[in-house]
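First up is the structure itself, then whatever we jot down about it.
The values are calculated or read from the model by the stated rules, or taken from the named source; none is laboratory data. Because the structure is predicted, anything quoted here is derived from the model rather than measured. Glycine gets a Cβ as well: all are built from the backbone with ideal geometry, and neighbour counts include every protein chain shown.
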Amino acid sequence: MSFLDLKNVTKIYPNGTKAVHETSLSVDEGEFMVFVGPSGCGKSTLLRMVAGLEDITEGDINLDGKLINEVDPSERDVAMVFQNYALYPHMNVYNNLAYGLKNRGIDKETIEQKVNDAAKLLQISDYLQRKPSMLSGGQRQRVAMGRAIVRNPKIFLFDEPLSNLDAKLRIQMRLEIKKLQQKVGVTSIFVTHDQVEAMTLADRLAVINNGIIEQLGTPIEIYDNPKSLFVAGFIGSPQMNFLDGNIKNKTLSAEGFEIKDIGSDFEGEVKLGIRPEHLSQSENSLINLKVDLVEQLGSDNLVYGQLKDKKDFCYRCPGNLTIEKGADLSLNIENNKYYIFDKSTGKRVN
Amino acid sequence: MKIKPLQIIAHIILILGVLLMVVPIWISFASSSHDSVTILTEGMKFHIGDQLARNYNEVLNEKGGWSEEVTAAKMFINSFIMALGIATLKVVISAMSAYALVYYRFKLAVPIFWLIFITLLVPLEVRIFPSYKIVSDLGLTNSYTGLILPLVASATATFFFRQFYKTIPDELLESAKLDGANAWSFFIDFLVPLSKTMIAAMFIFMFVYGYSQYLWPLIMTTAEEYWTVVMGMKIIYTESYEGVALPRTAERFAYIILSMIPPVLVVVFLQKWFIKGLIQTEK
Ligand SMILES: Nc1ncnc2c1ncn2[C@@H]1O[C@H](COP(=O)(O)OP(=O)(O)O)[C@@H](O)[C@H]1O
Ligand SMILES: [Mg+2]
């Protein structure tokens, strides 16, 4: 059994909303697990069940070898960082950090030492006497982290903690969270709807959709080998291109081109997925793209255009290529990196 | 600095307001420093007279009532105890029942809240006979308990605390829970400090409410040692003069001035909290 073990966990809210369906998942000690999925898919619900803030309708959750279904949140020894930080507004930073320790009956000197250590780690030592209302967003974020770290809990839970920060700070804090987690080595679950955040932070990643884990794996596994249409579309930026197609006798005919000898025996209606970065310009072209718009990111160009039948399409090329608006490009798929999904079930078939 | 006409008008209005509040008190105070006969014959005074010390000494220490035993000082103390008890218990009970109504999400919370709320429609004056019956059956007439207890349930304060608690984000409770707080420590460590301003305000209102009770102490107390200030105001300080009862007006004014002191003290004492809450909004 691993450190945290969810077995067939289901959550049905009193109003009948089924937020999580029979989900099973294990997290190893020290691992950084990320739950990613669109808003409303049940990520927070799953996390809150681990924290004990929501009842578990069905299934079991084990933490550190102990069944915790019925254990009160205050007894679970988990720490959580909330989206709006939920700092204690009437306590100064020191007491915000110290409160959890005081409740554990730890003596004053030890508390002071732990708080000071955590404050140093997070570079908030200068604000210990301030109230949260006198701190900037980034500083509040650090205090929230400090409150979690200082207790040295079994597991850290983060519920979209970066979404209230501006873009620059978000990237900075993302890095710091990762560094901090590696330094402290605490098992963590991080919830986000932002796939870039998910990819950069995760040791392992659970892509959730409609209360179901669609795929579980390392960020690279999931990026390279998405198991379903949903995962393929959700992970990767810019999004994967999807084209309608049909397979007969191992030949896929999409709009305006064919791919022969696809490694699959599937027959019928499919979706063909091609990542913008897996395309290149070549003579013997497969796809003809009429360029509408070029976004120059410096290192890369994002080329947006249309195929023959007015289908929107994106191609990512190195930034040193100059591509004019209105140009006609002939593109090929590099190394046969394309993904085929059953149109009716969304499952990967190649 | 140039003063705009609008500012002048604003100041005039404010000064008028201040006068409206202060002048009656000043007249009472000035009149309390004269001889009763002077007041009776010449009307109320605007200047301080020479009887100040005598009148106040008389009021505080003279024994009055039918039994000639109760002093005004004793009545101030009685009223103060009654008001303090009512205000304290009202605040504590309302804060705690609002806590239960908001945080323990049992099915009957809403009906119970409305049940509490409609008691606003039956103030003590309406239910005074049943209340008296119960209190006297319990043997609580002529006691502080009897004076205080029937008045401590407060729908108003419960309502205000409930509305305030509802604005406190759920994450605060959840975060506190994960930090090991139980139901009691969440109340003491979070709700009480967060609602300091609210508590101070409620305490002041409820103190004044308790202090100015008239009907209840009137029917509750037969022993003079439990008389309260407002009752005394009516009863004491008449003087018989050739068989005619004459009011001792100057002493009455002194009594009124003295009777204002306890509520004023409470306001002065609590205003620090009050104002802090007003200027420093804590999210
Ligand atoms: N307290 C609740 N009562 C009823 N339904 C809820 C409650 N909280 C969340 N839900 C529903 O459960 C689903 C999952 O919600 P949530 O876990 O918050 O999603 P996410 O965090 O992924 O955005 C949503 O459809 C949401 O509307
Ligand atoms: Mg959420």
Every residue from the range A:8-43 that is within 14 Å of another protein chain (Cβ to nearest Cβ) and buried (at least 21 other Cβ atoms within 10 Å of the Cβ) | none
What tally of residues in the range A:90-120 results from selecting those that are among the hydroxyl-bearing types (Ser, Thr, Tyr) and out of contact with any Leu (no Cβ under 7 Å at 6 or more places or on another chain)?
-> 2
What pairs can you find where one residue is in the range A:33-52 and in the same structural domain as A:Pro73 (by TED's automatic domain parsing) and in a loop (DSSP other than H, G, I, E, B), the other is more than 10 Å from ligand 1 (Cβ to nearest atom) and among the charged types (D, E, K, R), and their Cβ atoms are less than 9 Å apart, with a gap of 6+ or different chains?
-> A:Gly37/A:Glu214; A:Gly52/A:Asp72; A:Gly52/A:Glu75; A:Gly52/A:Arg76; A:Gly52/B:Lys177
Identify, please: which residue in the range A:96-127 is surrounded by 17 or more Cβ atoms within 10 Å (Cβ to Cβ) and of a type in the set (S, T, N, Q) and is, among those, nearest to the other protein chains (Cβ to nearest Cβ)?
-> A:Asn103
Kindly indicate which of A:Arg142, A:Arg151, A:Arg130, A:Arg147 is surrounded by 19 or more Cβ atoms within 10 Å (Cβ to Cβ) and outside any helix (DSSP H, G or I).
-> A:Arg151
State yes or no: is A:Glu54 in contact with a Lys or Arg (Cβ under 7 Å, 6 or more places away or on another chain) and either more than 8 Å from ligand 1 (Cβ to nearest atom) or under 24 Å from B:Lys177 (Cα atoms) (or both)?
-> yes
Considering the range A:12-32 alone, what residues qualify as being within 16 Å of ligand 2 (Cβ to nearest atom) and over 10 Å from A:Gly211 (Cα atoms)?
-> A:Tyr13, A:Thr17
Check A:Ile56 against each of (1) closer than 27 Å to A:Lys179 by Cα; (2) of a type outside the set (Lys, Arg); (3) more than 14 Å from every other protein chain (Cβ to nearest Cβ); (4) in contact with a helix residue (DSSP H, G or I) (Cβ under 7 Å, 6 or more places away or on another chain) and name the one condition it does not meet.
-> (1)
Out of all the residues in the range A:185-212, which are among the polar types (S, T, N, Q) and out of contact with any Asp or Glu (no Cβ under 6 Å at 6 or more places or on another chain)?
-> A:Ser188, A:Gln195, A:Thr200, A:Asn209, A:Asn210
Quick one: which helices (runs of 4 or more DSSP H) sit completely within the range B:1-104 and have at least 2 residues that are farther than 22 Å from B:Phe253 by Cα and free of Cβ contacts under 8 Å to residues at least 12 places away in the same chain?
-> B:5-31, B:72-103
For the range A:152-202, enumerate the residues that are in contact with a Phe, Trp or Tyr (Cβ under 6 Å, 6 or more places away or on another chain) and farther than 13 Å from A:Phe35 by Cβ.
-> A:Gln181, A:Val186, A:Thr187
Only one of A:Val9, A:Val36 is within 27 Å of A:Phe234 (Cα to Cα) and either more than 13 Å from ligand 2 (Cβ to nearest atom) or modelled with pLDDT under 95 (or both), namely A:Val9
Residue that is surrounded by the most Cβ atoms within 10 Å (Cβ to Cβ), among those in the range B:163-218 that are more than 14 Å from chain A (Cβ to nearest Cβ) and not in a helix (DSSP H, G or I) | B:Gln213
Here are some conditions: (1) more than 16 Å from ligand 2 (Cβ to nearest atom); (2) within 14 Å of chain B (Cβ to nearest Cβ). A:Asn62 meets all but one. Which one does it not meet?
-> (2)
Within the range A:290-330, can you find the residues that are of a type outside the set (D, E, K, R), in contact (Cβ under 8 Å) with a residue 40 or more places away in the chain, assigned to a strand (DSSP E or B) and under 20 Å from A:Gly233 (Cβ atoms)?
-> A:Leu302, A:Phe313, A:Cys314
Scanning the range A:154-211 residue by residue, the ones that are touching a residue at least 40 places away in the same chain (Cβ under 8 Å), more than 15 Å from ligand 1 (Cβ to nearest atom) and within 12 Å of the chain's Cα centre (by Cα) total 5
Which one of these does A:Ser163 not meet: (1) small (Gly, Ala, Ser); (2) closer than 19 Å to A:Arg48 by Cα; (3) not in a loop (DSSP other than H, G, I, E, B)?
-> (3)
By residue number, the members of the range A:68-92 that are hydrophobic (A, V, I, L, M, F, W, C) and at the interface with another protein chain (Cβ under 7 Å from one of its Cβ atoms) are A:Val78, A:Ala79, A:Met80, A:Phe82, A:Ala86
State whether the residues of the range A:8-30 include one that is away from ligand 1 (no atom under 16 Å from the Cβ), outside any strand (DSSP E or B) and at negative phi.
-> yes
